[in-house]
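Written below as structure tokens is the structure these notes are about.
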Amino acid sequence: MASRALWKGQLRLSLVSIPVEIHSARNSSSRVSFRQIHRPSGKPVRYQKTVQGVGPVENDDIMKGYETDDGEYILLDKDEIDAIKLETRKTLELVQFVETSEIAPIWFDRPYYVVPSDELAEDAYRVVRDALRQTKKTGLGQLTMRGKEYLCAIRPCGDGLLMETLHCEDDIRDADPLFSGIEDDASDAELLEVATQLIHKKTAPFDASAFDDHYAEALRDLITDKMKSRNTPRAKAPGDRGGAEAENVVDLMDALKKSLKQSKGGKSAHRKKAS
């Protein structure tokens with residue numbers, strides 16, 4: 001499935017503006033997910049927005065409410081919120097540059113790929129990418145996406161640019177109350193030497209493919225075994241997947257087929273499934 005841009009706008013460096021798109025760098029389609037099923041009826045569980053004393057309500061009748069200290073709600077219409085004009089809704093301006101090592105890992109939130117919107121934007125895009133490479137810096141800026149303004153860090157990634165949203169200062173808990181009870185005495189010299197040797201022995205270049213998701217593999221094996229057994233309880237999927245029924249529906253069978261292809265080879269996996 002082709003990647004869908006989550007944000008479109010301008011990446012700005014001083015007076016240079018580059019049309020770009022932002023795509024999620026995370027791939028969640030390979031994960032095994034489930035629908036909740038009502039055991040007696042075998043039907044998927046649906047979640048409805050309800051109001052006490054009223055029952056189910058329509059989305060058009062729902063407003064945003066900010067709760068005050070007096071226990072009241074200040075009601076805001078969607079159009080009022082959308083009317084807030086922020087330059088960061090369409091422009092991501094690099095306003096500061098820092099050493100990448102200055103940003104502690106705890107601040108990073110989610111990764112995104114930044115790509116030029118068209119061929120005309122590629123030249124300027126490459127200039128920014130190469131300048132960040134040469135200076136070994138990370139650019140900082142802000143953008144508004146999905147109803148929230150984010151602090152963002154942009155740095156080179158392969159042939160392109162990687163953007164990572166950063167947590168706000170208020171999002172990070174103070175570690176002192178948790179760490180203050182740990183004594184700061186010097187470690188035992190012999191134990192420290194052994195630990196250091198172990199670290200050096202196990203040091204290697206980072207390669208994410210060297211680490212398997214053992215839980216996901218075991219879960220897929222369990223589901224495959226359950227699929228083969230005639231004694232496995234089953235529920236009929238609804239024929240009409242439109243409307244609310246279609247929300248958050250995950251095609252588990254498709255995920256399993258892809259997993260089997262990767263582990264056993266495409267053709268052999270198809271033949272085994274057919275048999």
TODO: Kindly state, to the nearest 0.05, the FRET efficiency for D212 paired with D60, given R0 = 35 Å and r defined as their beta-carbon distance.
DONE: 0.15
Task: Selection from V16, Y73, Q36 lying farthest towards where the dipole of segment 1-85 points positive, charges on Cβ - done: Q36
Task: Distance (nanometres) between label positions extended 7 Å along Cα→Cβ at F34 and E183 - done: 4.6 nm
Open item on the list: Rounded to the nearest 20 debye, what is the charge dipole size of segment 30-102 about its Cα centre when +1 sits on each Lys and Arg Cβ and -1 on each Asp and Glu Cβ?
Closed with: 1000 debye
Task: Contour excess over end-to-end distance, with Cα ends at A204 and D69 and 0.36 nm allotted per residue - done: 43.2 nm
Task: Options T203, A218, S187, ranked by Cα towards positive dipole end of segment 183-229, top entry (Cβ charges) - done: A218
Open item on the list: If I stretch the segment between D159 and A25 completely, what's the gain in nm (0.36 nm per residue apart, minus their alpha carbon distance), one decimal?
Closed with: 46.8 nm
TODO: Could you please report the charge total around S117, scoring K, R as +1 and D, E as -1 over all other residues with beta-carbon less than 12 angstrom from its beta-carbon?
DONE: -3
Task: Inter-centroid distance (Cα atoms) of segment 180-204 relative to segment 123-151, Å - done: 38 Å
- [ ] Under 18 Å from a label point 7 Å along Cα→Cβ of L219: give me every residue in segment 38-60 with its amide N that close.
- [x] 45
- [ ] Quickly work out the D123-to-L15 label distance, labels modelled 7 Å from Cα along the C-beta direction, and quote it in nm with one decimal.
- [x] 1.7 nm
Task: Over 27 Å between alpha carbons, listed pairs K136/K201; K64/K90; K137/K201; K49/K236; K90/K137 - done: K136/K201; K137/K201
Task: Virtual spin-label span in nm between S3 and V51, 7 Å along Cα→Cβ - done: 4.2 nm
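Every read-out reported here was derived from the displayed coordinates using simple, explicitly stated rules and does not represent laboratory data. Just so we're clear, the structure is a prediction, and the values are computed from it rather than from any experiment. Counting neighbours? That spans all protein chains shown, and the Cβs are built from the backbone with ideal geometry, glycine included.
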